Amino acid sequence: MSGAATQTRSVIIEREIAHPPEKIWRALTQPHLIEEWLMKTDFKPVAGHQFNLRREPMPGVNVVVDCEVLAVEPHKTLSYTWAAYGLDSVVTWTLTPTATGTLLRMEQSGFRPDQSQAYHGARTGWREFLDALDAVLARTD
């Protein structure tokens, strides 16, 4: 088996957000806020916690993502597995304070070469999720 077959790709989105890391952290870790910008969840920011993300895009059609928290460093880093539709990936959030707020970096890694549809879907989807996250941050304290 060649090395090329095992190479994976990542979706990386970086965004400068005019809010402090603590506020963004709440939106990334509190289930009622996660639901507003991502999906319904039973997330807890505890390493080893298994949770899922659920959405009904259309009646009778469920999207369920199975996840497990890998790493939690409050206000700095959050990482969890993201398994759905044959995709086994890892989502890592990194928050870096800046002079005007926070540099938020989202990386979803683990897309195999035969998963280009999932890869392109994630590139589009995460931009939409982050736009929704911006809206949540704008209206919460």
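The values are calculated or read from the model by the stated rules, or taken from the named source; none is laboratory data. This one's a predicted model, so the numbers in the text were calculated from it and none came from an experiment. Cβ placement follows ideal geometry from the backbone for every residue including glycine, while neighbour counts extend to all protein chains displayed.
For region 93-118, a residue qualifies if it is of a type in the set (Ser, Thr, Tyr) and surrounded by fewer than 19 Cβ atoms within 10 Å (Cβ to Cβ), and the qualifying residues are THR94, THR96, THR98, THR100, SER109, SER116.
If you go through region 23-71 and keep only what is at pLDDT 95 or above and acidic (Asp, Glu), you end up with GLU35, GLU36, ASP42, ASP66, GLU68. In region 22-80, the qualifying residues are those that are in a strand (DSSP E or B) and aromatic (Phe, Trp, Tyr), and the one that is nearest to LEU137 (Cα to Cα) is TYR80.
Against the condition surrounded by fewer than 17 Cβ atoms within 10 Å (Cβ to Cβ), out of contact with any Phe, Trp or Tyr (no Cβ under 8 Å at 6 or more places or on another chain), in a strand (DSSP E or B) and modelled with pLDDT under 95, how does GLU16 come out, does it pass? No.
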